[in-house]
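Worksheet for the structure shown next.
The values are calculated or read from the model by the stated rules, or taken from the named source; none is laboratory data. What you see is a predicted model; the values in this text were computed from it and never measured. With ideal geometry, Cβ positions are generated from the backbone for all residues, glycine too; neighbour counts draw on all protein chains shown.
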Amino acid sequence: MIFLGISALAALLFSRGATLLKSPLIVGYIVAGAILGPAVLNLVSSQQIVSMDIINTLTLSFLGFGIGGELRFNELKKLGKSIIVIVIFEATMTFILVAIATALVLKNIPLGIIYGALASATAPAGTVDVIRQYKAKGNLTTTLYAVMGLDDIYALLIYTVSLPIAIIFLGGAADVSIGHSLLHAGLEVALAIGIGVVVGFVLVLVGRKLHDRTSLLIFTLALILLNCGISGKLQISPILLNMAAGIVAVNKNKLVAGKIFSSLGDWSPPIYVWFFVLIGTRLDFTLITTYSILIAVYILSRSIGKWSGAYLGAKISKAPENTIKYLGFTLLSQAGVAIGLALAATHSLEKMNMHLEAAQVIGVMTATTFIIMLIGPVLAKVALFKAGEAKVETGAD
């Protein structure tokens with residue numbers, strides 16, 4: 001509790017500094033976390049950081065619900081096939097480039113495949129926060145919301161196919177089946193979407209009858225918390241489950257959805273602040289020094305993959321010029337989803353007694369997440385302003 005209180009105050013202070021430097025507020029939050037964490041002041045231990053994973057799950061749930069609330073079918077129809085083409089290109093290009101680059105550095109193709117699969121995911125947290133801070137609206141922003149919504153599904157598919165292949169090449173269990181893994185992943189996606197759709201309908205149905213803001217807020221929070229618990233119990237994506245609920249809500253009843261998202265917006269900011277502070281606390285100078293070359297190669301190849309893939313996908317699908325030019329710069333953030341997949345990959349490697357490789361994977365993903373989250377939101381801000389879709393220079397929504 002002391003850490004959460006101090007971290008909120010420190011984040012507020014450092015976010016003012018970020019504003020003065022014309023950087024997104026979340027850069028200040030992450031720097032505050034780095035200073036409070038084990039690497040500098042050691043106000044919170046590594047074990048305590050892990051114990052606060054509930055904040056990560058809650059944040060991903062809020063993000064999923066918020067992204068779903070931006071995906072209106074009438075606007076998505078205008079974008080057409082470009083969304084799917086862009087997602088396939090940006091995630092696939094990232095996977096290929098990172099896999100090749102890290103395999104060359106490590107002289108290990110299976111580990112390169114694992115890093116490539118982990119790199120394909122894009123974190124919506126940093127980008128969504130920048131969009132809200134600068135009140136961005138327009139074709140690029142709408143495309144970005146849709147791409148982030150579909151990206152996690154496709155990234156999970158890449159990971160599901162890639163991990164069994166890597167494990168087999170590493171000499172793992174022969175009973176690892178790609179087909180079985182794909183079926184399992186498909187069921188997870190279908191289950192998350194199915195539950196989310198039901199929750200969305202319930203939310204709208206009951207929301208119509210709740211006329212005061214407080215009751216609507218409490219009911220919405222209750223459902224999101226239930227979704228968090230369900231996703232944990234069933235081992236399904238909290239982002240996808242809540243995104244499905246948000247999509248149903250905003251397309252079923254725009255008026256009720258508007259009230260829901262408005263009331264939720266008053267409550268969620270502290271959760272986002274703690275999420276980014278916790279990313280900062282994961283700073284580890286030893287890890288960055290030990291794996292410096294691998295980290296640099298990973299970040300460079302991932303950035304090139306995201307940008308070039310988004311550019312080609314947008315170009316081929318004949319997206320608007322601003323989307324072609326700037327979308328790639330908004331897709332660089334990496335956080336919760338990548339760390340979650342890295343933990344799953346680590347468990348698989350540990351089962352094979354590859355403890356050194358397991359420690360390397362989670363260490364590299366933690367270090368790269370910290371560095372990328374300092375860079376990604378800044379580039380997203382620049383891209384949104386260059387595209388003429390960001391409206392204000394300072395302040396948060």
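Out of all the residues in region 251-305, which are more than 22 Å from the chain's Cα centre (by Cα), farther than 25 Å from residue 376 by Cα, part of a helix (DSSP H, G or I) and not small (Gly, Ala, Ser)?
Within region 251-305, 251, 252, 254, 255, 256, 259, 260 meet the criteria.
Let me confirm something: among 375, 304, 293, which residue is closer than 21 Å to residue 59 by Cα, of a type outside the set (Ser, Thr, Tyr) and surrounded by fewer than 17 Cβ atoms within 10 Å (Cβ to Cβ)?
375
One line per residue, one yes/no per condition, for (1) among the hydroxyl-bearing types (Ser, Thr, Tyr); (2) at pLDDT 85 or above; (3) under 18 Å from residue 301 (Cα atoms):
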residue	(1), (2), (3)
366	yes, no, yes
370	no, no, yes
375	no, yes, yes
378	no, yes, no
383	no, yes, no
386	no, yes, no
391	no, no, no
396	no, no, no
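Need the failing condition index for residue 353 against (1) assigned to a helix (DSSP H, G or I); (2) closer than 20 Å to residue 109 by Cβ; (3) out of contact with any Phe, Trp or Tyr (no Cβ under 7 Å at 6 or more places or on another chain), just the number.
The single condition residue 353 does not satisfy is (1).
So if I check each of 193, 218, 165, 230, which one is surrounded by fewer than 21 Cβ atoms within 10 Å (Cβ to Cβ), among the hydrophobic types (A, V, I, L, M, F, W, C) and farther than 26 Å from residue 260 by Cα? First the steps, then the outcome.
On the way: 193 fails: farther than 26 Å from residue 260 by Cα; 218 fails: farther than 26 Å from residue 260 by Cα; 230 fails: farther than 26 Å from residue 260 by Cα.
From the options 193, 218, 165, 230, the qualifying one is 165.
Considering each of 339, 362 in turn, give the residue that is more than 16 Å from the chain's Cα centre (by Cα), of a type in the set (A, V, I, L, M) and assigned to a helix (DSSP H, G or I). Spell out how you get there, then give the answer.
Details: 339 fails: more than 16 Å from the chain's Cα centre (by Cα).
Of the residues listed, the single one that is more than 16 Å from the chain's Cα centre (by Cα), of a type in the set (A, V, I, L, M) and assigned to a helix (DSSP H, G or I) is 362.
Enumerate the helices (runs of 4 or more DSSP H) found wholly within region 1-99, keeping only those where 2 or more residues are modelled with pLDDT under 85 and basic (Lys, Arg).
Details: elements: 2-20, 25-36, 46-51, 53-68, 73-79.
Where helices (runs of 4 or more DSSP H) fall fully within region 1-99 and carry at least 2 residues being modelled with pLDDT under 85 and basic (Lys, Arg), they are 73-79.
Tally the residues that are over 19 Å from residue 164 (Cα atoms) and over 17 Å from the mean Cα position of the chain (by Cα), restricting the search to region 89-105.
Final tally of qualifying residues: 6.
Which is within 25 Å of residue 62 (Cβ to Cβ), of a type outside the set (Val, Ile, Thr) and without any contact (Cβ under 8 Å) to a residue 40 or more places away in the chain, of 216, 140, 205, 118?
On the way: 216 fails: without any contact (Cβ under 8 Å) to a residue 40 or more places away in the chain; 140 fails: without any contact (Cβ under 8 Å) to a residue 40 or more places away in the chain; 118 fails: without any contact (Cβ under 8 Å) to a residue 40 or more places away in the chain.
When all the criteria are applied, what remains is 205.
Among 317, 308, 301, which is the only one that is in contact with a Gly (Cβ under 8 Å, 6 or more places away or on another chain), closer than 20 Å to residue 100 by Cα and of a type outside the set (Asp, Glu)? Write out each step before concluding.
Details: 317 fails: closer than 20 Å to residue 100 by Cα; 301 fails: in contact with a Gly (Cβ under 8 Å, 6 or more places away or on another chain).
When all the criteria are applied, what remains is 308.
Report whether or not residue 109 is out of contact with any strand residue (DSSP E or B) (no Cβ under 7 Å at 6 or more places or on another chain) and either surrounded by fewer than 16 Cβ atoms within 10 Å (Cβ to Cβ) or within 30 Å of residue 167 (Cβ to Cβ) (or both).
Details: out of contact with any strand residue (DSSP E or B) (no Cβ under 7 Å at 6 or more places or on another chain): yes; either surrounded by fewer than 16 Cβ atoms within 10 Å (Cβ to Cβ) or within 30 Å of residue 167 (Cβ to Cβ) (or both): yes.
Yes.
Which residues, counting only those in region 40-66, are more than 30 Å from residue 149 (Cβ to Cβ) and either in contact with a Phe, Trp or Tyr (Cβ under 8 Å, 6 or more places away or on another chain) or charged (D, E, K, R) (or both)?
Selection gives 43, 44, 48.
Does residue 244 count as at pLDDT 85 or above, in a helix (DSSP H, G or I) and surrounded by fewer than 21 Cβ atoms within 10 Å (Cβ to Cβ)? Walk me through how you get there before you give the answer.
Numbers: at pLDDT 85 or above: yes; in a helix (DSSP H, G or I): yes; surrounded by fewer than 21 Cβ atoms within 10 Å (Cβ to Cβ): no.
The answer is no for residue 244.
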